[in-house]
Amino acid sequence: MLYHGSKTAGIEVVKPFPHNGVDGESVVFATSDSRFALAMIHGTGNQLAVGYFTDRESRKEEMYIDELVPGAFMLLEEPGILYTLEDTGFVSDPRLGHRELISKCETPVISESPHSNILTELKKHDIRFVSYENVPIEMEKRGRDPKKAVISYKPDRFPQS
């Protein structure tokens with residue numbers, strides 16, 4: 001099963017659209033992780049970072065949502081639709097995370113599941129929600145340097161403790 005999240009209800013076929021994450025190419029996004037599809041519906045990019053890391057102690061892969069600006073979790077307190085898609089023609093792409101897949105073809109919807117509050121739904125699952133002030137510490141735990149983000153940010157982006 002593959003999933004696609006959207007703010008729009010009633011979609012019968014998901015059509016490719018241009019996206020910056022793949023250099024403006026027109027694609028349909030999908031993932032095998034319904035949590036990831038839900039998290040990507042609202043406030044991704046400069047407000048929230050959604051991804052996975054492997055915990056060094058447990059060696060278990062965990063999903064996280066980092067709040068990149070104060071109060072950004074509020075963006076997830078909106079409705080959204082989780083679509084189940086046919087798994088036809090989807091491939092991984094080195095420009096994306098390992099759970100993200102793309103297709104350049106229109107993709108039929110199998111089913112849709114509306115959710116009135118995405119944050120409430122996501123909190124039912126095992127996800128690490130990292131508040132703004134704790135992002136630098138969590139990034140270091142993941143072996144990432146907060147000062148070397150993929151996207152350049154202002155030097156005062158995160159408060160110093």
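The values are calculated or read from the model by the stated rules, or taken from the named source; none is laboratory data. The model shown is predicted, which means the values in this text are computed figures rather than measured ones. Glycine also receives a Cβ, built like all others from the backbone with ideal geometry; neighbour counts cover every protein chain displayed. Just so you know, the surface numbers come from the protein's heavy atoms only, side chains and all, with ligands and any DNA or RNA stripped out. Shrake-Rupley method; radii C 1.70, N 1.55, O 1.52, S 1.80 Å.
Data table
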quantity	calculated
Gyration tensor (alpha-carbon) shape descriptor, the range 1-86, a/c threshold 1.5	prolate
Candidate residues Y83, Y52: accessible-area rank, largest first, probe 1.4 Å	Y52, Y83
Rounded to whole Hz, the Karplus (6.51, -1.76, 1.60) HN-Hα couplings of the range 28-33, x for glycine and proline	9, 9, 8, 8, 7, 9
Ordering of 94-100, 128-134 by burial proxy (mean other Cβ atoms within 10 Å per residue, highest first)	128-134, 94-100
³J(HN,Hα), Karplus 6.51/-1.76/1.60, whole Hz, each residue of the range 50-57, x for Gly, Pro	10, x, 9, 8, 9, 4, 5, 7
Magnitude of the charge dipole, the range 1-135, Cβ model with Lys/Arg +1 and Asp/Glu -1, debye to 20	80 debye
Accessible area (Å², per residue) of the range 19-161, counting only protein heavy atoms and a probe of 1.4 Å	58 Å²
Of S34, S103, S116, the one that fluctuates the most in a GNM where the chain has Cα springs shorter than 10 Å	S116
Zone of S92's modelled label, taken as backbone nitrogen in the range 30-49 under 19 Å from a point 7 Å along Cα→Cβ	30-37
For Cα extents along the principal axes in Å, calculated from these coordinates, the label among (1) 45, 34, 33; (2) 69, 42, 23; (3) 49, 33, 32	(3)
Gained length - F129 relative to R59, 0.36 nm times residue gap less alpha-carbon distance	23.3 nm
